[in-house]
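Chemist: Have a look at this one before I ask anything.
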Amino acid sequence: MDLRFFNTLERRQMNFEALTAGCAKMYTCGPTVYNFAHIGNFRAYVFEDILRRTLEYFGFAVTQVMNLTDVDDKTIRDSRKEELPLREFTAKYKKAFFEDIKTLRIEPAEVYPAATDHIPEMINLIQTLMDKGFAYQAQDKCIYFSIDKCKDYGKLARIDRENQRDGVRISTDEYAKDAVGDFALWKAWDEADGDVYWESPWGKGRPGWHIECSAMSMKYLGESFDIHTGGVDNMFPHHEDEIAQSESATGKKWVNYWLHCEHLMVDGTKMSKSLGNFYTLRDLQNKGFSGREIRWVLVGAHYRKKLNFTMDALNQARETLGKFDDLFDRLRTIAADGDGTEVRELIDSTKNAFATAMADDLNIAPALAAAFELMRGANRLADEQKLTKAGAQAVMAAFRDFDRVIACFDVDAVRESVAIPAEVTALAEARAEARKAKNFAESDRLRDELTKLGYAIKDIPGGAWELKKL
Ligand code: AMP
Ligand code: ZN
């Protein structure tokens, strides 16, 4: 089956043809480690994980590189605020990032290069651009890339250079979407950088953000590779500038397929740190949601569509995954003899639908619909006592197969018994009565009793309550 992706560079779906048959080399822009990543960032990383897992599902050996931006304006600013050396400050957030991706069941990349470990590679690349006449040192001592020297600058974002450019020079990494100008490859040291600088042929300073991705991707993946990904906000200027630097330096096409995921939204606006409308993964875990529930929400929408985040979606994820868990519990108990032919057709058709959907630009909705169809069919056969042990095992194997991509189906996780002892329920009922009678001293006493027995009680509007094991 051919894999097809929407290639942003060409604005159309294309069959995926790897440079080396059977091997997919991909680069994904990683986190800036100055804070905990928010779940908007994780939407991008989960999309990249689905892409990676789909490539593997179709037999590709994947080499993925994800950078860690551990030096930039924000990391320097905040490390100075906390009076910590840059390395110590970023180490905390690097560690948190790796914990978070594990929680979200994101398969690790093969290499996580940190920018500060690759300064010589960046200096070499800048030197090549200087030697070839694509870069120059300005009066402010910074080295800039001259976009006039790069004839196809703007080809990814399709920006109109003629109408926008006016001798602009931009030394910060992040600039307004419509500002097209020469961008910094090397930033000369200034006071705000404190003790963060490296020596270079152009004086002390530090690399710009864009050059980091060009230098590190080419170090680990070669001068040309298959796939580059990121969120749509990375397309311009970041990815545009990466292309300009890389292709000007090597004279070769750098990346064949560009995939960009849409934003995670909150109330119609992009979730972002600067707007303050974000949840970190930890915020949601503290509300009692698991990594797999959060992953299910992030996985559930097509990567090129905006996804509106709500708490309700998380509650629904819990309910849905609970139904799959119930099915797996049920399948494990089925013991009837037989060769499993009763489900073979259903399994073949749903597996085929799943693969066809994922091969079609990661079309997640029909892929998940196939999983739901298999669940419904298996439950129906079990209701009718037509499912045999061999059939049940074949269904579980099919879900394990889907899970190579989805990574939310806990086919083999035997759940702890959730039965609550009668004395605990009785205490909870007595507490509800006490509350109703406004006898709060008694209701508090009963809550403490419950805590001692290892249960938390949560009141639900309308007088109902819910017990949870602590
Ligand atoms: P940053 O740390 O801002 O460079 O972002 C890291 C990654 O997260 C990039 O690929 C961004 O495009 C992506 N990203 C940031 N905010 C969102 C969002 N609200 N939805 C989806 N992706 C995002
Ligand atoms: Zn990048």
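The values are calculated or read from the model by the stated rules, or taken from the named source; none is laboratory data. Bear in mind that the values here come from a model prediction, so they are computed numbers and not experimental data. Note that we place each Cβ from the backbone using ideal geometry, even for glycine, and neighbour counts take in every protein chain shown. Only protein heavy atoms, including side chains, enter the accessible area calculation; ligands, DNA and RNA are left aside. Shrake-Rupley method; radii C 1.70, N 1.55, O 1.52, S 1.80 Å.
Chemist: With only Lys, Arg, Asp and Glu charged, each at its Cβ (+1 for the first two, -1 for the last two), find how big the charge dipole of the range 117-248 is about the Cα centre; round to the nearest 20 debye.
Modeler: On the way: 14 positive and 26 negative charges, 73 e Å.
Computed charge dipole of the range 117-248: roughly 340 debye.
Chemist: Run the quick spin-label model on S224 and N308: label points 7 Å from Cα toward the beta carbon, then report their separation in nm to one decimal.
Modeler: Label at S224, label at N308, 4.5 nm between them.
Chemist: While we're here: If each DSSP helix of 4+ residues adds -39,500 (n - 2.57) and the sum is divided by the residues in the chain, what number results at 222 nm, nearest 500 deg cm²/dmol?
Modeler: Helices in the chain give a 222 nm mean residue ellipticity of -14500 deg cm²/dmol.
Chemist: Please compute the net charge surrounding L381, taking Lys and Arg as +1 and Asp and Glu as -1 over other residues with Cβ under 13 Å from its Cβ.
Modeler: Numbers: positive: R330, R344, R376, R380, K386, K389; negative: E342, E345, E373, D383, E384.
Value of the local net charge: +1.
Chemist: If you take the beta carbon distance between A430 and K468 as r and set R0 to 22 Å, what does 1/(1 + (r/R0)^6) give as a FRET efficiency, to the nearest 0.05?
Modeler: Calculated value: 0.75.
Chemist: In whole percent, and with a 1.4 Å probe on the protein chains, what portion of the accessible area of the range 1-152 is carbon and sulfur?
Modeler: 49 percent
Chemist: Counting Lys and Arg as +1 and Asp and Glu as -1, what is the net charge of the other residues whose Cβ lies under 10 Å from the Cβ of R169?
Modeler: For residues surrounding R169, the net value is -2.
Chemist: What part of the accessible area of the range 210-318, given as a whole %, is carbon or sulfur when the probe is 1.4 angstrom?
Modeler: Carbon and sulfur atoms account for 46 percent of the accessible area of the range 210-318.
Chemist: For the range 268-417, what does the relative contact order come out to in percent, with C-alpha contacts under 8 Å and a separation of six or more?
Modeler: 29 percent
Chemist: So what's the gap between the Cα centers of the range 44-81 and the range 254-321, to the nearest angstrom?
Modeler: Spelled out, the Cα-based centre of one part sits 16 Å from the other.
Chemist: Set Lys and Arg Cβ to +1 and Asp and Glu Cβ to -1, take the dipole of the chain about its Cα centre, and tell me which of H239, L86, F47 lies farthest positive.
Modeler: F47
Chemist: Find the relative contact order for the chain and round it to a whole percent, using C-alpha pairs within less than 8 Å whose residues are 6+ positions apart.
Modeler: Reported as a whole number, the value is 15 percent.
Chemist: Let me ask something else about it. How big is the dipole moment of the chain about its Cα centre under a simple scheme where the beta carbon of each Lys and Arg is +1, that of each Asp and Glu is -1, and everything else is neutral? Debye, nearest 20, please.
Modeler: 540 debye
Chemist: Right, next: Count the DSSP beta bridges whose two residues both fall in the chain, then state the antiparallel fraction as a percent rounded to the nearest 5.
Modeler: If we restrict to bridges inside the chain, about 50 percent are antiparallel.
Chemist: How much length is gained if the chain between E384 and D444 is pulled fully straight, taking 0.36 nm per residue apart and subtracting their Cα-Cα distance, in nm to one decimal?
Modeler: Once the chain is fully extended between E384 and D444, it gains 16.8 nm.
Chemist: Classify the range 1-120 as rounded, prolate or oblate, taking a ≥ b ≥ c as the square roots of the eigenvalues of its Cα gyration tensor: rounded when a/c is under 1.5, otherwise prolate if a/b is larger than b/c and oblate if not.
Modeler: Here the range 1-120 falls in the prolate category.
Chemist: Kindly state, to the nearest 0.05, the FRET efficiency for K253 paired with K452, given R0 = 60 Å and r defined as their beta-carbon distance. Can you show the working numbers first?
Modeler: Details: r = 67 Å, r/R0 = 1.12.
Efficiency computed from Cβ-Cβ geometry: 0.35.
Chemist: Select from Y153, G454, S217 the residue farthest towards the positive end of the dipole of the chain; place +1 on Cβ of Lys and Arg, -1 on Cβ of Asp and Glu, and compute about the Cα centre.
Modeler: In the chain, that residue is G454.
Chemist: Within 14 Å, Cβ to Cβ, of E423, how many net charges do the neighbouring residues add up to if Lys/Arg are +1 and Asp/Glu are -1?
Modeler: Every neighbour counted, the sum reads 0.
Chemist: Rounded to the nearest whole Å², what accessible area per residue is found for the range 365-470 with the 1.4 Å probe?
Modeler: It amounts to 58 Å² per residue over the range 365-470.
Chemist: Moving to a separate point now. Using a 7 Å offset from the Cα along the Cα-to-Cβ direction at both V111 and D152, what is the distance between the two label points in nm, to one decimal?
Modeler: 2.5 nm
Chemist: Among A392, A422, T333, whose Cα projects farthest towards the positive end of the dipole of the range 325-470, with charges put on the beta-carbon of Lys, Arg (+1) and Asp, Glu (-1)?
Modeler: The listed residue farthest towards the positive side: A422.
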